[in-house]
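Here, each number is a calculation from the coordinates, and none is a lab measurement. For clarity, every value in this text was computed on a predicted model and none was experimentally measured. All Cβ positions, even for glycine, are placed from backbone atoms using ideal geometry, and neighbour counts span all protein chains on display.
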Amino acid sequence: MPTIAVQKIDKSFGTMRAVDDVSFSVEPGEIFGLLGPNGAGKTTTIRIILDIFKPDRGSVSILGGPMSEEKKNRIGYLPEERGLYQDVQLERALVYLATLKGLSAPEAKRRVNAYLERFELAEHRRKKVKELSKGMQQKAQLVVTLVHEPELVIIDEPFSALDPVNTQMVKDILREQRRQGVTIVMCTHQMHQVEELCDRIVLINHGKVMLYGQLDDVRRTFAGQEVVVRALRPLPAVIEGVETIETSNSNVHLHLKADVSPQQVLRALVDQDIPLEQFEIAIPTLDEIFIQVVRGEGIPA
């Protein structure tokens, strides 16, 4: 049974359709990417999933059925906008928020302090939240999201304001959560983080689902008529089935004719006794796919 099942949801605000016939599911124990440009409908979709907004049409099942007060304690949510009490000491603020998720005060304090040590925030526990840097506040938000050991985590721009060291720390924690069976929904504009972490994705633009599925399958769908070759000696100027040849550093990019397969070109090179170190289909990055889809340049048939 999916952890989240979204079925044909719509949501409008006045004349603006923010979410338009959106459907997808999130499976237990996966990291799922909810992607899209600014204003695409991602945050509205999250708020519908969390029962903050009601859909105009469609349904959402979460953790086996409709949202309930009991289920809210089984969910961790990191919004893009920070929501910590700015004039309260860090430790006190985090312990209080942890008790709202059903933890006793002593247990909340124990868990909070363990996270403060792990996130290198322990020496700042007596500071007011407003005295912390943006990166420290982001890590504090993550403590609130994870401290009650939720079954489902929904995180919006989790790497915001983090330096490379802390970004790696957060990635390690997300992978650790996945190994423990936690389901994670991640919204971010950092496509390289999605490529590293996500099992499946959905891409929403103008409120509609544009791409949905396994990340590797999506990338293969967008693979064009191009292969990357590294040879031990110069390639011939003309290769059967190749339209153009471009050299980039030690790699050669072969742009194939529309009706030619990579296997045919590989056979042609082998027949000419060209010694190859590398021959692979050029798979576009998720950044490139994102830009192509958002610009309306089409999805391969």
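Mind scanning Lys42/Lys139; Lys72/Lys130; Lys54/Lys127; Lys127/Lys171; Lys109/Lys208 and naming the pairs with a C-alpha gap bigger than 32 Å? Checking Cα-Cα distances, Lys54/Lys127; Lys109/Lys208 exceed 32 Å. Residue separation of Glu70 and Lys8 scaled by 0.36 nm, minus their Cα-Cα distance, works out to 19.8 nm of gained length.
When the helix-only estimate is applied to the chain (DSSP H runs of n ≥ 4, each -39,500 (n - 2.57), divided by the residue count), what is the mean residue ellipticity at 222 nm, nearest 500 deg cm²/dmol?
Calculated mean residue ellipticity at 222 nm is -9500 deg cm²/dmol.
For the pair Ser25 and Ile291 in one chain, pulling the backbone fully straight at 0.36 nm per residue adds 93.4 nm over the alpha carbon distance. The spacing between the range 176-225 and the range 61-75, judged by their C-alpha centroids, is 24 Å.
Projected onto its three principal axes, the C-alpha set of the chain covers 74, 47, 33 Å, listed from the longest axis down.
Electrostatic tally near Asn251: other residues with Cβ closer than 13 Å to its Cβ, Lys and Arg +1, Asp and Glu -1, net -3. Seen from Gly102, the other residues with C-beta closer than 10 Å to its C-beta sum to a net charge of +1, counting Lys and Arg as +1 and Asp and Glu as -1. Could you run the Debye sum over the Cα atoms of the range 177-301, one equal point scatterer each and no solvent, and tell me log10 of I(q)/I(0) at q = 0.11, 0.13, 0.20, 0.23 Å⁻¹, two decimals? After summing over all Cα pairs, the log10 values are -0.51, -0.67, -1.08, -1.28. Model label sites at Asn249 and Lys208, defined 7 Å from Cα along the beta-carbon direction, differ in position by 3.9 nm.
Here Asp56 and Asp199 are evaluated by their C-beta separation; at R0 = 35 Å the FRET efficiency comes out at 0.70. Label point 7 Å out from Arg126 along Cα-to-Cβ: which residues of the range 68-94 have amide N under 19 Å? Residues passing the 19 Å test: 87-94. Separation of the range 18-47 from the range 90-109 is 30 Å, based on Cα centroids.
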